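The values are calculated or read from the model by the stated rules, or taken from the named source; none is laboratory data. Treat the numbers as computed from the prediction; the structure is a model and nothing was measured. In this analysis, Cβ positions are derived from the backbone assuming ideal geometry, glycine residues included, and neighbour counts consider all displayed protein chains. These accessible areas exclude ligands, DNA and RNA; they are computed on the full protein's heavy atoms, side chains included. Shrake-Rupley method; radii C 1.70, N 1.55, O 1.52, S 1.80 Å.
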Amino acid sequence: MVALEILIYGAVLSGIYALLAVGFALIFGVARVINLTHGAFYMLGAYITYALSVLLNVPLILSIIGGMAIVFLLAICLDRFIIERIRTTMINVLITTLALSLFADQVILQIFGPDNRNIPAVISDRVTLLGVDIAGQRLLSLIISVAVIATLWLIITRTRMGNALLATAQDPEAAQLMGINTGRMFMITMGIAAMMAALAGGIVGSFLTVAPEMGMLPIIKAFSIVILGGLGSIGGSIIAALLIGYLETIVAYLISFNATELVPLVVIFITLIFRPAGIFGKRRGF
Amino acid sequence: MTKDGLEIRAVTKTFEGLTALSDVTFSLEDGKIMGIIGPNGAGKTTLFNVISGFLRADQGQMVYHGKDISSLKPHQVVDLGMARTFQIVRPFKSMSVFENTIVAALSPRSRRSRPKGVKSDETAMNVLGRVALDHKRDEPVSNLPMGDLRRLEIARALATYPQFILLDEPFSGLSLKEMDALAGLIRNLLDEKCTILIIEHKLKILMSLAPRILVLDYGKVLADGTPAEIADNESVIRAYLGRRGHAGVDTTN
Amino acid sequence: MAKKRLHHSCPGILMTTLLCFFGLLLFFNSAYAADPVKIGIIGPMQIRPGIAMKQGAMMAADEINAKGGILGRKIELHYADTEFSPEKGITALNKLAVKDKVEVLIGGMTSGIVLAQMPYLSRYQLPFLGVAVASSTLTKLVKEDYDKNKYFFRVGILKDQLLAFDMVNFIANYVGKKYGIKKVAILLEKAKWTEGLDQAFTGLFGKFGMEVVMAEFFEIKTNDYSPIFSKVKKSGAQMTVEVHSHVSEVFIKQYYDQKVPLPVGGIALAAQSSDFWERSGGKCVGEFTSNFIYRIPITPKTIPFWDGYVKRYKDDPLVTATGTYDAIYVYKDAVERAGSFKADILIPALEKTNYVAALGTIAFEADHDLKYGPDYVAINWAQWQAPGKVTILYPEDRATGTVQFPEWIKLPQK
Amino acid sequence: MNIVTRIWGTLISRPPFYVMAIFLLFMLLVPFLTDDLYLIGVLVLANVYAIFASSWDILSGYSGKENFGHTLFIGAGAYGAAYLNLYLGVPPMLNLLLCGLIGAVFGVLIGIPCLPLVGPYLALATMAAASIAERLTMILSKYTGGEEGLYGLDPITDGPVGDYYLSLILVIITTIILMAIGYSKQGLILRSIKEDETASEAAGINTTRYKLVAFAISAFFAGMGGAFYAHYQMYTGPSSLSIIMAVTIIIVCMIGGMGTIVGPVLAAYMLTVSNEFLRSIGDLRLLVYTGLLVVIVLFLPRGVFTVILERLPRFGQKSRGV
């Protein structure tokens, strides 16, 4: 019984983490940028979905898509006007993106106030799966995560744009020599990743919460997943998301409920010390 | 097995399946100079990196003055009296010429080796004088032309009082006059019993300096002998001519 | 080019700015007449309970000022944000005490912050009427070192042990008796004030003939409660008791989602606010909640206060709003009895308070704790019911309806 | 006496040292110029941040090892002070020294595993270390007071003015020592590590040892600052370990100009004081700050004060060497 619960809840958790982490890994892999605004995109996705669906009565699915679209545009602007100019200095990128995500928190705080919000569920029924009671929305979020990541995988491995992305990830200079517009690749990556974060924000609103600071915790998780999986490795991130998702669930169920937040941090620290390239990374990113 | 000089025995180094050095073996007596040539990617710089401790050899042994240096860190290698320069110059960009040199003069090796009473400032000025950079001591490195940067590399190496210097293409980017001056400096070092291992593409000047030359190709030692022997060696000629245009070889001055 | 020019002019501009900063700082003189009585409102001003404090304070101040103020001095309110951190709480207190030169502090939320602020009260000789702090340690400190800590009074809510007692009383004597519930699982937020509660519960439930089969602390920022609820389901408990003073939407949403078949309720500050139904997406259906006041005639002042507040702010008053509102009146009452604003004279007068407020009749124990009981201050128990209304259940003479459970709730007998 | 003359000799030819000296002398006069105790209180906080920022700078600004977990050392000092004072009755003044040492021990313990890491990996590892410590204070709330921390520490002096002077003296000591280190040959070596660690090694420098010493020195002053902060507030809590605080310190250094010691110290005062002035705009404060920071990173990437400091002429031709 506990095993089944761990299996199901762990899968849901891993799915959401993967949705966030894969985007994060993609940005790092292609653009060599550690983008701490990723959590803010997740938060903005949730708030825009909330504003559209609850305040403006737009149908929920359209609201989520609207959130993704707006965040996509924001991400592209961010890349064009800010990150583009500071890409080469690691600490500037870290601090600037962090400052921007705090900025976003504040803007949202000023507009919506500090109260937590609720986004209605696409599927509001509760289902019983293998004897485990779970919100339909949670299962839906798992399905969406899997579908989105699979689609992304297909795009990257089967399309020309995907090939260009991979080439850029491998060696931006060589890619540029081969006629790939790497600047555009960076921008597209940023947009796609941000869209995935916004989608995650839009679907978790009914069983987690919508609050200005909601992006902070996921960014730490995404970060640890990406480190564990190997910076830049998308396959590695998926496996690492599963590892961390299940590890957290197992710790929560079997050891201590309060130690869950320690899991990603300890994983980061140990991985960095003993295998900085991550378990699936071939080489260090730096 | 001698207690003198450097002995490299069957050193092998691979990167993700690519063999950079394969079973490299040679030895060099104290006070001698040896040149290393080979096409681009032959493993010359990798060999330097392995000897100077920046890379660890997968297999093989390296002995300097009877001491196994295979697992030493770079600064420990310097401490034994082996200094190196880099093919692509690596100055401390935000610092002045003098400050660049003094970092090396502050190393334990330099402190230990210089005459009593001499300060690190004096050591630094001294070596800057030797490479004719003393008039530019306070200039920021970012303003220097390539020739000066090469000499700064050498000054930094000299400030550690080396008995053995590994020079990685010291002549590239130098003018004719500068090349003559550097050749003179190298001869001076030899007179002072310094051992020198030098990678150089400019064969003419190399052959005038080094009575012995090692040829690397695909990480293997292709030939080891006097310039005349090398020039006649069939496989050396094939290795160079087999590449498109004399890739990596510059026979002019 | 433009970048270069910027670099050239920057040093000058920056130096000037810097000098201006310090210049302004030194010559900034706030030497206007100290005519009004300055009251410092201190709390987490960015979040709902803090905003409610501010609103309650403004309402009281406006009413009092309209009638001529306190001993002829108009009230001037000053605010400082504790930002939910003890460190910021200390800075905020310093600002009110030293910069604004307030004569009394009203507010306070989260006992840990007030505990950190305590040493400063004697430094500045500032009375502090604590509105939303429950830890019994606070008044224990008053008892242990009266001279140093006499400045603190608990006004707005009861201390943790009494909260626990009142809650256990409701669960045992009302819900428990009615539905045959004997075993409870207690889930507590990890905080200073719940530490006291945890100890109190085990003994109390036993005294009322009930059994605590599980007691677990969770962290304030918990995001996923599924493991804890799954443990509750297996614990054999017949009811879930919750205790938290921070965000509790996630808790109740996931409780609903996971179809935990047990009645749930307790002390949850967030669940007291009127839009909790909407904020939890209606998933708080069936949750027992409590509040010190509802729109019922606890005292003659309760309903006028409630209506006035709703009219002014278009929102039901939170417990922090009521507490702050009443605290200002308690202060006024004591000042008028003492005939002085001076802390040394005021504190004995405050100790003798017996004031009929919106919350109930406010009086203090010897250790400056709020007196508890039907004649003084007590808690009202209620339930969230579809379609989004709060039905008052207990004490039974104040009830506005009866218990209704959602259909998936399993009860021991019915 | 030799060491004092050496420190003096190192500093005497440095214009930034005079900027610092003039500024700090002016700060000594502040209590005579104003009787606004609140302002004094704000400046105590500025002093504390000046210590935090300059101690971060000697490691990260100089050697380029960007430490995102400086709060670990501050927290070690603050919690150390709390335990020593509350349970062993160690007097506050002694705590300043002891907690500096505790900080230094943490510096070495964290330094050893983290040193081989570069760039974002070091940033992350240090950040994770500080976050783990922060989480542990929550999990072990029985011993650490959890979210609410430990309170009831002895005050370090008897009032705001005393606190002000003590903290200012700590700033003076810290900055003199750190600037002397910064301008010394050791400082030069740290700078060479930042520029090119490989070339530094090739010059015979044991970079690991220098980095470790820098970690220890940085952590010593952070721990000392943390202990002062705890005693000043008579309280310590997990926010002294928070990432936000660590990032704030980095931001102070970035705005002031990394690797200058003077820049971060001036920025600490500028930001703390302007923070108080901006209190009137309340909630919008953070918005202004974060926006300003982005602008500074984009247009003045080397910091606000660096530009000024570099334009000051140098004195004393003879000792212009190092």
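By the scheme Lys and Arg +1, Asp and Glu -1, what is the net charge of all other residues having a beta-carbon under 15 Å from that of D:Trp56? Taking every Cβ under 15 Å from that of D:Trp56, the sum is +1.
Paramagnetic label reach from C:Glu407 (point 7 Å along Cα→Cβ; backbone nitrogen cut-off under 16 Å): within region A:107-149, residues A:125-128.
Accessible area per residue (1.4 Å probe, heavy atoms of protein chains only) ranks A:Ile34, A:Ile239 as A:Ile239, A:Ile34, with the largest value leading. Taking other residues whose beta carbon is less than 12 angstrom from the beta carbon of A:Leu265, and scoring Lys, Arg as +1 and Asp, Glu as -1, yields -1.
Based on protein heavy atoms only, chain B ends up with 44 Å² per residue of surface accessible to a 1.4 Å probe. Taking label points 7 Å from Cα along the Cα-to-Cβ direction, A:Met178 and B:Ile237 give a separation of 4.0 nm. Excluding ligands, DNA and RNA and using a 1.4 Å probe, chains A and C jointly bury around 2600 Å² of accessible surface, summed across both partners. Among the listed pairs C:Lys140/C:Lys207; C:Lys143/C:Lys183; C:Lys182/C:Lys301, a Cα-Cα separation exceeding 31 Å is found for C:Lys143/C:Lys183; C:Lys182/C:Lys301. If you run the Gaussian network model on chain C, springs between alpha carbon atoms under 10 Å, then out of C:Leu126, C:Leu318, C:Leu71 the most flexible one is C:Leu71. Within region B:208-234, name every residue whose backbone N is under 20 Å away from a label modeled 7 Å from Cα of B:Thr25 along the Cβ vector. Backbone N within reach: B:213-226. Place +1 on the Cβ of every Lys and Arg and -1 on the Cβ of every Asp and Glu in the protein assembly as shown, take the dipole about the Cα centre, and give the residue among C:Val319, C:Gln161, A:Phe269 whose Cα lies farthest towards its positive end. After comparing all options, I get A:Phe269. Each label point was placed 7 Å from the Cα along the Cα-to-Cβ direction; for A:Thr128 and A:Val266 their separation is 3.6 nm. Database remark: amide H of A:Leu129 closer than 5 angstrom to the amide H of A:Ile134 (H placed geometrically; neighbours at sequence offset of 5 or more, or on other chains; Pro and chain starts carry no H).
Rounded to the nearest 0.05, the FRET efficiency derived from the C-beta distance between A:Leu154 and D:Glu310 at R0 = 56 Å is 0.55. In the structure shown, the pairs B:Lys13/B:Lys116; C:Lys150/D:Lys142; C:Lys101/C:Lys389; B:Lys67/B:Lys116; C:Lys253/C:Lys371 are assessed against 32 Å; a Cα-Cα span above that value is assigned to B:Lys13/B:Lys116; C:Lys101/C:Lys389; C:Lys253/C:Lys371.
Helix C:192-207: angle to the longest alpha-carbon principal axis of chain C, degrees 0 to 90, nearest 10? For C:192-207 against chain C, the angle is about 20 degrees. Once both labels are positioned 7 Å from their Cα atoms along Cα-to-Cβ, the gap between C:Lys182 and D:Leu33 label points is 7.6 nm. Solvent-accessible area assigned to carbon and sulfur over region C:272-414 amounts to 53 percent, based on a 1.4 Å probe. When chain D is treated as a Gaussian network with alpha carbon springs shorter than 10 Å, the biggest mean-square fluctuation among D:Phe26, D:Phe17, D:Phe106 belongs to D:Phe26.
Contact residues in region D:249-266 (at least 30 Å² less accessible area with all protein chains than alone, 1.4 Å probe): D:Met254. Using the Cα centre as the reference, give the magnitude of the dipole from point charges on the C-beta atoms of the protein assembly as shown (Lys, Arg: +1; Asp, Glu: -1; all else neutral), rounded to the nearest 20 debye. That gives a dipole near 1700 debye.
Quick one: buried accessible area between D and B, total over both chains, 1.4 angstrom probe, nearest 100 Å²? Walk me through the numbers on the way to the answer.
Details: alone 15480 and 12130 Å², together 25500 Å².
Counting protein atoms only, the buried area is about 2100 Å².
What pairs from B:Lys119/D:Lys211; C:Lys54/C:Lys221; B:Lys32/B:Lys202; B:Lys93/B:Lys220; B:Lys73/D:Lys194 go past 27 Å between their alpha carbons? Over 27 Å apart, Cα to Cα: B:Lys93/B:Lys220.
Averaging Cα coordinates gives a centre for region A:4-41 and one for region C:167-223; these two points are 38 Å apart.
Among the GluC sites (Glu not before Pro) in region B:2-90, those placed in a DSSP loop whose Cβ has at most 14 other Cβ atoms within 10 Å are B:Glu16, B:Glu29.
Over region C:136-214, accessible surface divided per residue gives 37 Å², non-protein components excluded, 1.4 Å probe. In this assembly, the A-D interface accounts for approximately 3300 Å² of buried accessible surface in total, computed with a 1.4 Å probe and without ligands, DNA or RNA.
Applied to region C:217-223, the Karplus parametrisation 6.51 cos²θ - 1.76 cosθ + 1.60 on θ = phi - 60° returns per-residue 3J(HN,Hα) values of 8, 10, 7, 4, 8, 4, 10 Hz, with x for Gly and Pro.
Helix C:160-170: angle to the longest alpha-carbon principal axis of chain C, degrees 0 to 90, nearest 10? The angle comes out near 30 degrees. A cut-off of 5 Å between modelled amide H atoms, ignoring neighbours fewer than 5 places along the same chain, links C:Ala268 with C:His244, C:Ser290.
How many angstrom lie between the Cα centre of region D:193-234 and the Cα centre of region B:166-212? Cα centroid to Cα centroid, the span is 41 Å. Taking C:Trp277, C:Trp306 and ordering them by how much accessible surface each has at a 1.4 Å probe, largest first, produces C:Trp277, C:Trp306.
Angle of helix C:111-124 to the longest C-alpha principal axis of chain C, folded into 0 to 90 degrees and rounded to 10: 30°.
For C:Leu393, the residues whose modelled amide H falls within less than 5 Å of its own, excluding neighbours fewer than 5 places apart on the same chain, are C:Trp381, C:Ala382, C:Gln383, C:Thr400. Computing FRET efficiency as 1/(1 + (r/R0)^6) for A:Leu166 and A:Ile76, where r is the C-beta to C-beta distance and R0 is 25 Å, gives about 0.75.
Contact with the other protein chains removes 30 Å² or more of accessible area, compared with the isolated chain and a 1.4 Å probe, from these residues of region B:54-78: B:Phe54, B:His75, B:Val78.
In sequence order, region A:66-78 has phi-based couplings of x, x, 4, 5, 5, 5, 4, 5, 4, 5, 5, 4, 4 Hz under the Karplus curve 6.51 cos²θ - 1.76 cosθ + 1.60, θ = phi - 60°, and Gly or Pro positions carry x.
Phi angles across region C:381-394 convert, under the Karplus curve 6.51 cos²θ - 1.76 cosθ + 1.60 with θ = phi - 60°, into 3J(HN,Hα) values of 10, 8, 9, 6, 10, 5, x, x, 10, 9, 9, 7, 10, 8 Hz, Gly and Pro given as x.
Considering only the other residues whose Cβ falls under 9 Å of the Cβ of C:Val264, what net charge follows from Lys and Arg at +1 and Asp and Glu at -1?
On the way: positive: none; negative: C:Glu242, C:Glu287.
Around C:Val264, the charge tally is -2.
Computed on protein heavy atoms with a 1.4 Å probe, the accessible areas place B:Asp138, B:Asp180, C:Asp333 in the order B:Asp180, B:Asp138, C:Asp333, largest first.
Using the Cβ-Cβ distance between D:Thr157 and C:Ser340 with R0 = 41 Å, the FRET efficiency computed as 1/(1 + (r/R0)^6) comes to roughly 0.85. For chain A, a Gaussian network of Cα nodes joined below 10 Å ranks A:Gly15, A:Gly39, A:Gly131 by mean-square fluctuation, and the top entry is A:Gly131.
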